[in-house]
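Data first, discussion second: the structure below is written as structure tokens.
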Amino acid sequence: MSLQKSSFLSSSQLSNSEVDQLFDRTRLFKEEFEKKGTLNHLIKTSDPVVALVFAEPSTRTRLSFQMACYRLGLKTITLDNPSVASLSKGETLSDTLRNVAAMMPDAMVTRFNEDSEAEATIANLGCPIINGGVGTKEHPTQALSDAYTILEHRGQVSGEKVLIVGDVLHSRVANSNLILLQKMGAEIAYCAPEEFIPQQELWKGVKSFSTLEEGVRWATVIMGLRVQRERHSQRGLGLSIAEYRERYRVGGDQLEIFDPKGILLHPGPVIRGVEFSDYVLNEPRCKVLDQVSAGVFVRAALVSFVLGLEVQKA
Ligand code: CP
């Protein structure tokens, strides 16, 4: 496994057989937790300390890494409020990362906005870095959680038709999912307003639908995305939220024409009524909270590989 004592920065790093190994361990952790309510007994050492350095807001990613570490009996240190960290006194993010690395954690999970200096810095910190989301580029542990959720509910990823809806242009989740899910044999398409059509090379040739109805009829998995206002230019979105909702919100009408065995995903946070209606969020095909639960065990498996922890047979 290439992850041992190494950084995990992109979905492109993992081979299919490594994803299989990671998901085997995820399954073991999830099943064992469901039986015993702990994972402590599977891990020989509980000495390692993982630093969580989140310079952008997060609920799911930060807490699920922390939960994953606690379940494994590991310790964490956290910087998650830049306004009370020395970043607020003028220290650069790169220097903050160097200082946390100087405390010698066994691994560091990072989240930050586009910052080329910080990206260059994490390549040379001497401690394994796990990418917890960087700007509009990648969020590979979310993609792993999503792929695992598809596998759990659909039985396979290969052959699935995944429709990504909404603000694709600004979505690091969409990029990491495109790389990972295509590698695993899924077909990807998107449906987005003109302003949010992805421009990156990565998306060249990816199927797109101009209407949500066509896309929903095609898909077996619908993945909604948050409209990321904080990443939009001053120009903003060219259509009003009411128009966006009318054309791109997934609601009851779409569920009527969607595959009865299909599933709906969203990485969160969901802006209710804009990306998915309340009705959709309450529908049994909607697996948004299962993605969150999967995220704990996927991240526990990932951390265990990165730290090279010895996992005992259950
Ligand atoms: N999916 C996700 O990254 O959510 P958070 O921003 O809450 O971590």
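The condition (being over 15 Å from Q291 (Cα atoms) and either crowded, with 24+ Cβ neighbours inside 10 Å or of a type in the set (D, E) (or both)) is satisfied by just one residue among E160, E152: E160. Picking from residues in the stretch 176-204 that are open to solvent by less than 10 Å² (accessible area, probe 1.4 Å) and of a type in the set (S, T, N, Q), the one that is nearest to I222 (Cα to Cα) is N177. Only one of V311, V250, V288, V270 is at pLDDT 95 or above, more than 16 Å from the ligand (Cβ to nearest atom) and either in contact with a strand residue (DSSP E or B) (Cβ under 9 Å, 6 or more places away or on another chain) or not assigned by TED's automatic domain parsing to the domain that holds N40 (or both). Can you tell me which? After applying the criteria, what remains is V250.
Given the condition part of a loop (DSSP other than H, G, I, E, B) and out of contact with any Phe, Trp or Tyr (no Cβ under 9 Å at 6 or more places or on another chain), answer yes or no: does some residue in the stretch 164-171 qualify? No, the stretch 164-171 contains no residue that is part of a loop (DSSP other than H, G, I, E, B) and out of contact with any Phe, Trp or Tyr (no Cβ under 9 Å at 6 or more places or on another chain).
Once the stretch 53-104 is narrowed to residues that are assigned to a helix (DSSP H, G or I) and of a type in the set (D, E, K, R), the residue that is farthest from L144 (Cα to Cα) is K89.
Using the structure shown, decide if V292 is β-branched (V, I, T), part of a helix (DSSP H, G or I) and closer than 21 Å to L144 by Cα. In short, yes. Under the condition of being under 27 Å from V162 (Cβ atoms), of a type outside the set (A, V, I, L, M, F, W, C) and either touching a Leu at 6+ places or on another chain (Cβ under 8 Å) or open to solvent by 10 Å² or more (accessible area, probe 1.4 Å) (or both), the residues counted in the stretch 111-138 number 8. In the stretch 172-179, is there at least one residue being outside any helix (DSSP H, G or I) and of a type in the set (G, A, S)? No, the stretch 172-179 has no match at all. Residue pairs whose Cβ atoms lie under 6 Å apart, sitting 6 or more positions apart in sequence or on different chains, and linking a residue in the stretch 56-68 that is assigned by TED's automatic domain parsing to the domain that holds S88 to a partner that is within 9 Å of the ligand (Cβ to nearest atom) and open to solvent by 30 Å² or more (accessible area, probe 1.4 Å), are R60/V292. The set of residues from the stretch 124-155 being in contact (Cβ under 8 Å) with a residue 24 or more places away in the chain, in a loop (DSSP other than H, G, I, E, B) and either more than 16 Å from the chain's Cα centre (by Cα) or within 12 Å of the ligand (Cβ to nearest atom) (or both) comprises L125, G126, C127, P128, H139.
The values are calculated or read from the model by the stated rules, or taken from the named source; none is laboratory data. Computed from a predicted structure; not experimentally measured. Please note: Cβ atoms are built from the backbone with ideal geometry, for glycine as well, and neighbour counts cover all protein chains shown. Ligands, DNA and RNA are stripped out before the accessible areas are found, and what is left, the full protein with its side chains, is counted by its heavy atoms. Shrake-Rupley method; radii C 1.70, N 1.55, O 1.52, S 1.80 Å.
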